Amino acid sequence: MSKVMIKTAEEIALMRESGRLLAQVFVMLDDFVKPGVSTLDIDARVEEFITQELKARPASKGQYDFPFCLNTSPNEVVCHGMPSERDIVRPQDIINLDITLEKDGFIADSSKMYVMPEASAAARRLVQTAYRAMWAGIRTVRPGATLGDVGHAVQSMAESKGYSVVREYCGHGIGRDMHEAPDVLHYGRPGAGMVLQEGMTFTIEPMINQGTARTRTRKDGWTVVTLDRKLSAQTEHTVLVTETGYEVLTLRPEERQS
């Protein structure tokens, strides 16, 4: 993962289409994810929608031997949660759904927090801050900026609200492969790290915790939880460095400016 893949205009067009399709998956889920549904039901619906309706491939399934189409990470789960028929969404929950989609050889990656009707005010503030932190990082993206600028913007937003930033997991380059160079840390110093170039594509996906940033992995080898069992929130987009700034390839309809 040492070489950053600069995308051609043709490759960017294909990535843009993968991102557009992935945004549609979340639109579908907006009506599907509600109290009483199991995370395995969510996985089945996502696979059906991607393969049957979008004529694409759920890129996470089989990647590193992961058996599902998405990660379902509720409450204290930081990332990589595994769908299960026993995990039923509750009225008080917050849950992150992290999905990848491949179309015509190129992959898009995005995640969204779903907040259930009876989620606490504290949980809602955490989710809102994670979203704002992601966007703080995105808005620094332009040719000549650095990955340190991105990480610093994310970290500053999260820590200013009293939260911590998970450091063991990061964003990543993306394209023909789900994980390409560079690693995109969600903390850092302005001006440090790799200089961004037009044509780079990568994810920004901060994991923000209520308490300690420390985590542990459950016995299943996948599910990462907060060490103190406090809540965690994550949100993610795939981003392109353009000539003058950035383009969010996985932007959802509700995020578009009217």
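The values are calculated or read from the model by the stated rules, or taken from the named source; none is laboratory data. Given the structure is predicted, the values throughout are model-derived calculations rather than measurements. A quick note on method: Cβ atoms are made from the backbone with ideal geometry, for glycine too, and the neighbour counts reach across all protein chains shown.
For segment 195-216, the tally of residues that are touching a residue at least 24 places away in the same chain (Cβ under 8 Å) and loosely packed, with under 15 Cβ neighbours inside 10 Å stands at 3.
Filter segment 20-73 down to residues that are of a type in the set (Asp, Glu) and within 19 Å of residue 234 (Cα to Cα), then give me how many there are. Count: 2. Scanning segment 177-197 for residues that are part of a loop (DSSP other than H, G, I, E, B), within 19 Å of the chain's Cα centre (by Cα) and among the aliphatic types (A, V, I, L, M) turns up 178, 185. Scanning segment 235-258 for residues that are hydroxyl-bearing (Ser, Thr, Tyr) and over 18 Å from the mean Cα position of the chain (by Cα) yields a count of 3. All of (1) touching a Ser or Thr at 6+ places or on another chain (Cβ under 7 Å); (2) within 20 Å of residue 127 (Cα to Cα) hold for residue 74 with one exception: (1).
Per the listing 250, 238, the residue uniquely touching a Gly at 6+ places or on another chain (Cβ under 8 Å), in a strand (DSSP E or B), hydroxyl-bearing (Ser, Thr, Tyr) and closer than 25 Å to residue 60 by Cβ is 238.
The condition of being over 19 Å from residue 128 (Cα atoms), in contact with a Lys or Arg (Cβ under 7 Å, 6 or more places away or on another chain) and modelled with pLDDT of 95 or more holds for only one of 225, 239, that being 225. Residue 52 passes every criterion in (1) part of a loop (DSSP other than H, G, I, E, B); (2) exposed (fewer than 14 other Cβ atoms within 10 Å of the Cβ) apart from (1). Would you please list the contacts, defined by Cβ atoms under 6 Å and residues six or more apart or on different chains, that run from a residue in segment 43-59 that is charged (D, E, K, R) to a residue that is surrounded by fewer than 22 Cβ atoms within 10 Å (Cβ to Cβ) and part of a loop (DSSP other than H, G, I, E, B)? If the second residue must be surrounded by fewer than 22 Cβ atoms within 10 Å (Cβ to Cβ) and part of a loop (DSSP other than H, G, I, E, B), the pairs left are 43/83. Tallying residues that are in a helix (DSSP H, G or I) and under 18 Å from the mean Cα position of the chain (by Cα) within segment 26-46 yields 9.
Conditions (1) acidic (Asp, Glu); (2) surrounded by fewer than 22 Cβ atoms within 10 Å (Cβ to Cβ); (3) at pLDDT 95 or above, marked per residue:
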| position | (1), (2), (3) |
| --- | --- |
| 100 | no, no, yes |
| 104 | yes, yes, yes |
| 115 | no, yes, yes |
| 121 | no, yes, yes |
| 128 | no, yes, yes |
| 153 | no, no, yes |
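Checking segment 65-82 against the condition returns no match, with no residue being in contact with a Phe, Trp or Tyr (Cβ under 8 Å, 6 or more places away or on another chain), touching a residue at least 12 places away in the same chain (Cβ under 8 Å), buried (at least 21 other Cβ atoms within 10 Å of the Cβ) and hydroxyl-bearing (Ser, Thr, Tyr).
Scanning segment 157-166 for residues that are more than 19 Å from the chain's Cα centre (by Cα) and more than 26 Å from residue 217 (Cβ to Cβ) turns up 160, 161.
A residue that is on the phi > 0 side of the Ramachandran plot, without any contact (Cβ under 8 Å) to a residue 60 or more places away in the chain and in a loop (DSSP other than H, G, I, E, B) occurs somewhere in segment 134-147. Of the strands (runs of 3 or more DSSP E) entirely within segment 59-129, those holding at least 1 residues that are small (Gly, Ala, Ser) occupy 70-74, 106-115. Remark: pairs (first residue in segment 158-176, assigned to a loop (DSSP other than H, G, I, E, B); second residue of a type in the set (Phe, Trp, Tyr) and at pLDDT 95 or above; Cβ separation under 8 Å; 6+ apart in sequence or on different chains) = 167/187; 174/202; 175/106; 176/106.
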